[in-house]
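The structure under discussion appears below in the form of structure tokens.
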Amino acid sequence: MTRKPPVLSKPPVLAVEKLTVEFPAGRSGGVFPAVKEVSLQIEAGELVGLVGESGCGKTVTALTIAGLQPEGAKISHGKIRFQGTELLSLNEEQRSRLRGKELSMIFQEPMTALNPLMKVGSQIAEAARVHGASKQEAKEKALSMMEQVGLPDVQRLYGEYPHRLSGGMRQRVMIAMALLNRPALLLADEPTTALDVTIQAQILEVIRNMNREMGAAVLLISHDLGVIRRMCSRVYILYAGQVVESGPVDEVLSRPIHPYTKGLVASLPSLGKRGEKLRPIPGTVPPLEERSGEGCPFYNRCERRRPQCEAGTPPKMEQNGHMALCIDAKEEWGL
Ligand SMILES: Nc1ncnc2c1ncn2[C@@H]1O[C@H](COP(=O)(O)OP(=O)(O)OP(=O)(O)O)[C@@H](O)[C@H]1O
Ligand code: SF4
Ligand SMILES: [Mg+2]
């Protein structure tokens, strides 16, 4: 008689394990990791943040999860399980069937997702048609979603081409497309950066409702730690392609361990301590070809660096779901 497997708790909607994505860079002809051993998980109904300065690998991570990695990208290592299916072993047809229904992405650049030769209404409605809605149903769904994302005069806009819309409107058209089929997972890459404050709040509310009412899991990518603090329950901090800190949002932003996270918090008016002078983190994220293989990725910018930080990869320390990749963690947590 075969024994039944033990009953496990529900698997996460998304489980990324040690994902490494490389690009050719520099004059040497070598390839370098834009994303290095990134692991992250999102449970059903969770809204999770991904934060880091420009060039840290947020978009490459999201595009790779969506199966849309940029040209030249090589996935040299890792697993991406979505609802129990290993995405990296699917073919393009299987992936595109998944995209737009179960798994949707809001792109940082709206034109990436829009067809310039097709009217915006038809594009949104087509997303519903592909998944079985009748022509009339698709149009109604599209118009209703256009209203929900705050587009004005939707009957008229329905018949316009993308180039006739402002950047912010295009962004909202794309968001409507991404949300139309109520995906199980939404990857939202800087969904509101190009929008003015009122519309920003409205879009974030739409995303939050989708998360709360439909149980959609969301990976929210943002430069804005204030937005992350308001919206997310957990956060991953990415630096030079590596997750350097992660955990519950309140814990990570109130008691950051990694000097990079501390720097991000101190550089933001709404998050820094009252009365403390705001200061940007000195230096910049190194380009791919300057990221050395060994040692701490933050070494060159870190005020607390010591010789041992350069010698090998810092230990990954964890306490109550709070993870930090820094030798300071042991001392700060008294481990
Ligand atoms: N197609 C590509 N070819 C070569 N390098 C690339 C390519 N796409 C991204 N990169 C490199 O990968 C690194 C991470 O880029 P990515 O776009 O993921 O950053 P990001 O965190 O999304 O930044 P931003 O906040 O500016 O959107 C960068 O150093 C970038 O130069
Ligand atoms: S491991 Fe060392 S260099 Fe890296 S962040 Fe921690 S203290 Fe700074
Ligand atoms: Mg990006």
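Please report the net charge: other residues with Cβ closer than 12 Å to the Cβ of Val249, K and R +1, D and E -1. Every neighbour counted, the sum reads 0.
Fully extending the segment from Gln136 to Arg255 would add 37.6 nm, taking 0.36 nm per residue of separation and subtracting the current Cα-Cα distance.
To the nearest 0.05, how large is the calculated FRET efficiency for Glu109 and Arg182 if R₀ is 25 Å and r is the Cβ-Cβ distance? Provide the component values of the computation, followed by the final result.
Working: r = 24 Å, r/R0 = 0.96.
The calculated FRET efficiency here is 0.55.
Treating the angle as unsigned and between 0 and 90°, give the value, to the nearest 10°, between the Cα long axis of helix 167-179 and the longest Cα principal axis of the chain. Compared with the principal axis, the helix lies near 90 degrees. Largest GNM mean-square fluctuation across Ala194, Ala62, Ala240, computed for the chain with C-alpha springs under 10 Å, falls on Ala194. In this label model, Asp196 and Arg97 are separated by 4.5 nm, measuring between points 7 Å along each Cα→Cβ vector. Axis of helix 135-148 versus longest Cα principal axis of the chain: the two differ by about 50°, to the nearest ten degrees. Any idea what angle helix 197-214 forms with the longest principal axis of the chain, computed on alpha-carbon atoms, 0 to 90 degrees, nearest 10? That works out to roughly 90 degrees. Using a probe radius of 1.4 angstrom, the carbon and sulfur fraction of the accessible surface of the range 14-240 is 48%.
Provide the net charge surrounding Leu219, with neighbours chosen by a C-beta distance below 11 Å and charges set as Lys +1, Arg +1, Asp -1, Glu -1.
Details: positive: Lys58, Arg234; negative: Glu46, Asp189.
Local net charge: 0.
Spin-label model, Leu117 to Asn320: label points 7 Å out along the Cα-to-beta-carbon direction sit 5.8 nm apart. Considering only Val13, Gln202, Ala329, the residue lying farthest towards the positive end of the dipole of the chain is Val13, judged by Cα position with unit charges set on Cβ. Applying 0.36 nm per residue to the separation of Glu86 and Ser166 and subtracting their alpha-carbon distance, the gain on full extension is 25.0 nm. Extension gain, Arg208 to Arg279, is 22.4 nm, computed as 0.36 nm per intervening residue step minus the present C-alpha separation.
The values are calculated or read from the model by the stated rules, or taken from the named source; none is laboratory data. Small disclaimer: the values here were computed from a predicted structure and weren't measured. Positions of Cβ are generated from backbone atoms using ideal geometry, with glycine treated the same way; all protein chains shown enter the neighbour counts. Just so you know, the surface numbers come from the protein's heavy atoms only, side chains and all, with ligands and any DNA or RNA stripped out. Shrake-Rupley method; radii C 1.70, N 1.55, O 1.52, S 1.80 Å.
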